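Once you've had a glance at the structure underneath, I'll fire off some questions.
The values are calculated or read from the model by the stated rules, or taken from the named source; none is laboratory data. Remember, predicted model here, so these are calculated numbers, not experimental data. Here the Cβ positions follow ideal geometry from the backbone for every residue, glycine too, while neighbour counts run over all protein chains shown. Surface areas here come from the heavy atoms of the whole protein model, side chains and all, with no ligands, DNA or RNA. Shrake-Rupley method; radii C 1.70, N 1.55, O 1.52, S 1.80 Å.
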Amino acid sequence: MEEYQIKTKVVGVDISNERTTYAIVDIRGNIIAEENFPTGDYPDVNNFVKNLSDKIVNLVEANGGYETIRSIGVSSPSASSVSGCIENAANLPWKGIVPLAAMLRDRIGLAVGLSNDAHISALGEHTFGCAHGMKNFIILSMGVGLGSCFFSAGNDHQGHNGYAGEFGHTCVVTNGRHCGCGHDGCLEAYAGAAGIVRTAQELMAETGKPTLLNDLDKITPRTIKMCCDKDDELAIETFRRTGEILGIALANYASIVDPEAIILTGGISHAGKWLLEPTCESFESHVYGNLRGKVKILVSKLNDRERDVLGASALAWSVPEYSLFK
């Protein structure tokens with residue numbers, strides 16, 4: 001009888017608006033090798049898949065070869081684990097329905113799992129981060145877009161079509177700002193990166209007050225936070241307004257699902273107290289009374305890129321094994 005060889009490594013892939021990161025991860029969660037390239041360099045998805053496939057193959061061959069790799073896990077905005085497709089992504093260069101899992105599997109010859117980036121963040125946080133040991137919690141991923149994942153009784157809630165958690169596309173302002181998804185008034189248009197910048201610009205136009213924001217070459221959530229650290233009144237008000245809307249939206253979310261904690265991840269979460277304090281204040285003012293003071297709002301301690309690659313690797317271990325090379 002031939003001895004069955006257990007494969008001890010997987011590939012984790014994190015596709016974000018700015019870059020695509022891919023890494024080989026072992027069974028203990030150690031990142032063996034990691035590389036990345038700009039996502040926007042490949043506006044044609046076929047060229048993107050070819051480039052990603054070639055780079056994964058080269059990395060695998062340089063680090064033990066195909067026989068050591070079990071499967072591939074992929075994190076992407078607007079992805080469905082049910083269909084294996086990226087569908088109508090608002091912030092990626094490819095529009096319509098992209099059967100990414102099948103495209104990668106056909107090129108590389110290994111099993112591929114695909115899931116929404118917020119769900120992957122939740123897997124990473126649950127396995128390696130501050131949600132470790134929690135059974136009921138919300139992950140909110142804050143960047144260009146806003147996504148979320150709710151863990152219930154220790155399992156992530158995917159929904160019937162795999163799109164549960166599109167928190168950024170819930171309406172918070174009737175007839176409000178236009179969102180990239182095509183609707184008006186979405187939370188993402190106020191608490192996503194572009195929405196925060198727009199709030200700052202509107203405040204600058206409304207008040208005419210002197211502000212350090214006028215001296216910036218480019219206004220971003222990061223540079224607004226830098227101005228907050230210098231006690232700039234308008235920059236602080238930008239995050240106060242953002243936190244007020246975000247706190248109301250999170251209070252509605254928590255009042256429905258009753259989580260132990262809400263964990264903020266992504267670049268915007270690094271705004272620190274300037275965003276966290278008004279968010280918590282607004283949350284406590286609007287959450288269902290029996291939950292007041294009982295839901296922790298935390299900021300992830302993990303490096304964003306590392307957590308999402310590790311989350312994608314956790315997904316890879318969960319998909320049925322398949323290989324053209326057996």
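Roughly what % of DSSP beta bridges within the range 56-205 run antiparallel, to the nearest 5?
Among the beta bridges of the range 56-205, antiparallel pairing accounts for roughly 70 percent.
Stokes-Einstein D for the range 135-269 at 37 °C, 0.692 mPa s, Kirkwood Rh over Cα pairs, in µm²/s?
Here the translational diffusion coefficient equals 209 µm²/s.
Within 10 Å, count the other beta carbons around each residue, average over each peptide in 176-186, 122-132, and list them highest first.
122-132, 176-186
Keeping all protein chains in place, calculate the accessible area per residue for the range 231-326 (probe 1.4 angstrom), answer in Å².
Per residue, the range 231-326 has an accessible area of 47 Å².
Another question, then. Hey, with R₀ at 35 Å, roughly what FRET efficiency would R222 and R107 work out to, going by the Cβ-Cβ distance, to 0.05?
So, using R0 = 35 Å, E works out to roughly 0.45.
Assuming a ≥ b ≥ c are the square roots of the Cα gyration tensor eigenvalues, decide whether the range 78-117 counts as rounded (a/c under 1.5), prolate (otherwise, with a/b larger than b/c) or oblate.
Prolate.
Ok, one more. Using Cα springs under 10 Å in a Gaussian network model of the chain, which residue among R307, R28, R292 shows the largest mean-square fluctuation?
Evaluated over the chain, the most mobile residue of the options is R28.
Just grab the label-to-label distance for A153 and H132, each label 7 Å out from Cα along the Cβ direction, in nm (one decimal).
2.6 nm
Assuming 1.306 mPa s and 10 °C, estimate D for the range 181-224 with Stokes-Einstein, Rh taken as the Kirkwood radius over Cα pairs, in µm²/s.
It comes out at roughly 140 µm²/s.
Can you tell me what share of the DSSP beta bridges in the chain is antiparallel? A percent to the nearest 5 is fine.
Antiparallel: roughly 60 percent of the beta bridges in the chain.
Using packing as a proxy for protection, rank 167-174, 297-304 so that the peptide with the highest average count of other Cβ atoms within 10 Å comes first.
By packing density, highest mean first, the sequence is 167-174, 297-304.
What is the calculated FRET efficiency for D229 to E284, with r their C-beta to C-beta distance and R₀ = 22 Å, to the nearest 0.05?
It comes out at approximately 0.30.
For the range 141-201, take the convex hull of the Cα atoms, compute a quarter of its surface area, and give me that in nm², please.
So the mean shadow area of the Cα hull is 4.8 nm².
For V299, enumerate residues with amide H under 5 Å from its amide H, sequence gap 5+ or separate chain, H modeled in the peptide plane.
Answer set, sorted by chain and number: L264.
Which percent of the accessible heavy-atom area of the chain goes to carbon and sulfur, probe 1.4 angstrom?
50 percent
Would you please give the FRET efficiency between N30 and N58, computed as 1/(1 + (r/R0)^6) with r the Cβ-Cβ distance and R0 = 25 Å, to the nearest 0.05?
Step by step, r from the Cβ atoms, then E = 0.80.
Apply the Karplus parameterisation 6.51 cos²θ - 1.76 cosθ + 1.60, with θ equal to phi minus 60°, to every residue of the range 150-165 and state each ³J(HN,Hα) to the nearest whole Hz, in sequence, with x for glycine and proline.
10, 8, 10, 6, x, 10, 6, 8, 8, x, 4, 9, x, 10, 4, x
From a point 7 Å beyond the Cα of T174 in the direction of its Cβ, which residues of the range 276-317 have a backbone N at a distance under 20 Å?
Flagged as within label range: none.
Could I ask something else about it? Starting from the Cα of I6, step 7 Å along the direction of its Cβ; do the same at K95; then give the gap between the two resulting points in nm.
4.9 nm
Per DSSP H run of at least 4 residues, take -39500 (n - 2.57); add these up for the chain, divide by its residues and hand me the 222 nm value, nearest 500 deg cm²/dmol.
Computed ellipticity for the chain at 222 nm equals -11500 deg cm²/dmol.
Still on this structure, please answer the following. Give me D for the chain in µm² s⁻¹, whole number, from Stokes-Einstein with Rh from the Kirkwood sum over alpha-carbon pairs, 4 °C and 1.567 mPa s.
It diffuses with D of about 63 µm²/s by this estimate.
Turning to a different aspect of this structure: If the range 1-67 were replaced by its equivalent ellipsoid, with semi-axes equal to the square roots of 5 times the Cα gyration tensor eigenvalues, what would those be, largest first, whole Å?
Three semi-axes, in Å: 27, 13, 9.
Which peptide among 281-289, 134-142 comes first, and what is the full order, when sorted by highest mean count of other Cβ atoms within 10 Å?
134-142, 281-289
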